[in-house]
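Note sheet for the following structure.
The values are calculated or read from the model by the stated rules, or taken from the named source; none is laboratory data. What you are looking at is a predicted structure, and each value in this text was computed from that prediction instead of being measured. Cβ: placed from backbone, ideal geometry, glycine included. Neighbour counts: every protein chain shown. The area values use the complete protein model at the heavy-atom level, side chains included, leaving out ligands, DNA and RNA. Shrake-Rupley method; radii C 1.70, N 1.55, O 1.52, S 1.80 Å.
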Amino acid sequence: MSAWDYDIIIVGAGPAGLTAGLYAGRARLKTLLLEKLIHGGQVMTTDLVENYPGFPEGISGFELSDRMRQQAERFGLEFRSGEVLSLEPGNDHQLLRLEGEELKAGATIIASGVRHRSLGVPGEEALTGKGVSYCATCDGALYRGETIAVVGGGDTALTDTLFLCRFAEKVHLIHRRDAFRGEKILQEQVKALEKVQIHWDTVVDEVQGQHAVEALALRNVKTGETTRLPVAGVFIFVGITPNTVWLKGRVELDEWGFISTDAEMATSIPGIFAAGDVRSKLLRQISTAVGDGAIAAYAAEHYLAQRHSR
Ligand code: NAP
């Protein structure tokens, strides 16, 4: 009998975790996938995924994630919801502490993903859920016929600006520099929309409103000019932070808190692997998360086989 509850425990059910689960299941390893709330990760809130190969017309993030889950389940992956509070490496296994429970894993794959960053300006926190949003697919339809703002210049800001144009009458896109960071094709699509007004070199100093968002206090960082922009809502897409606080002091993280791995997804601790957005890497996409997940499961399988053959 093995000294652990599961051969592999995967933490996080985004594309990286689900792919790792699929591969581990097909390797006939007893595998559990733990997710904090629901499966899917960030992709669940993506309206249309256009750059994942095999879906020429695009596919909704929800559907893609659901299909990945079904596929992994077919090969025996077990799912359970629960938040991992800490991870303790040992000689023989890793100990994962959950609320009121402890689980032992022969190998662990961390695919805990990322969460959105906030601006940290006055009014933002108080008006979150009252006009301040971080999720276009969740809240976009509330702004039918309204004037809204989007903050950011990366792929998320551009993709979600396109989505929000379906509902809003006018979208003010506010970016702190004079060039976008997001994909060129998305830039072209956004710039072609009459509804979108781009405010270059502009930052939000305050989100204003009594009980709901009424306006943004804007400042042009080049001229210093300040303006008040009346809006019914503001969507903030200014980047991501890795979900790694629970791992501090356990595995090596880079200066931004992402997990450092080698090309085989191995972390600084033997038996612990990482995959997907939570990993220190060049490109955070569904396609790269899926690759990470497959490699992590394969590497974990080999790690376990080597230990058994000793
Ligand atoms: P991101 O690429 O890090 O972009 C964040 C944007 O917010 C940047 O334009 C940044 O400005 C701006 N920003 C950061 N802090 C700010 C602040 N305090 N005030 C104002 N603006 C601020 O983040 P993301 O767009 O969320 O994307 C995250 C990852 O997911 C990326 O790797 C992205 O490629 C991926 N993703 C891909 C897709 C897709 O392929 N369709 C969709 C969504 C996300 P600067 O440009 O000046 O730094």
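Which condition breaks for residue 124 when tested against (1) at pLDDT below 95; (2) within 16 Å of the ligand (Cβ to nearest atom); (3) more than 18 Å from the chain's Cα centre (by Cα); (4) of a type in the set (D, E, K, R)? Unmet condition: (1).
Against the list (1) modelled with pLDDT of 95 or more; (2) in contact with a strand residue (DSSP E or B) (Cβ under 9 Å, 6 or more places away or on another chain), the condition residue 166 fails is (2). Residues in segment 83-118 that are open to solvent by 20 Å² or more (accessible area, probe 1.4 Å), more than 16 Å from the ligand (Cβ to nearest atom) and touching a residue at least 12 places away in the same chain (Cβ under 8 Å): 83, 85, 86, 88, 89, 92, 93, 97, 99, 101, 104. Restricted to segment 165-183, and to residues there that are of a type in the set (Lys, Arg) and near the ligand (Cβ under 8 Å from one of its atoms), the residue that is surrounded by the fewest Cβ atoms within 10 Å (Cβ to Cβ) is 177. Taking segment 215-278 as the region of interest, the strands (runs of 3 or more DSSP E) fully inside it that hold 2 or more residues being modelled with pLDDT of 95 or more, among the hydroxyl-bearing types (Ser, Thr, Tyr) and over 15 Å from the mean Cα position of the chain (by Cα) are 226-230.
Checked against the criterion of being without any contact (Cβ under 8 Å) to a residue 24 or more places away in the chain and in a helix (DSSP H, G or I), segment 56-66 contains one or more residues that satisfy it. For segment 25-48, the criterion of being acidic (Asp, Glu), more than 17 Å from residue 137 (Cβ to Cβ) and assigned to a loop (DSSP other than H, G, I, E, B) is met by no residue.
In this structure, is residue 162 free of Cβ contacts under 8 Å to residues at least 40 places away in the same chain, closer than 30 Å to residue 12 by Cα and within 11 Å of the ligand (Cβ to nearest atom)?
Details: free of Cβ contacts under 8 Å to residues at least 40 places away in the same chain: yes; closer than 30 Å to residue 12 by Cα: yes; within 11 Å of the ligand (Cβ to nearest atom): yes.
Judged against the criteria, residue 162 is a match.
Does residue 22 satisfy the condition of being over 23 Å from residue 245 (Cβ atoms), part of a helix (DSSP H, G or I), aliphatic (A, V, I, L, M) and under 16 Å from the mean Cα position of the chain (by Cα)? Against the criterion (over 23 Å from residue 245 (Cβ atoms), part of a helix (DSSP H, G or I), aliphatic (A, V, I, L, M) and under 16 Å from the mean Cα position of the chain (by Cα)), residue 22 does not qualify.
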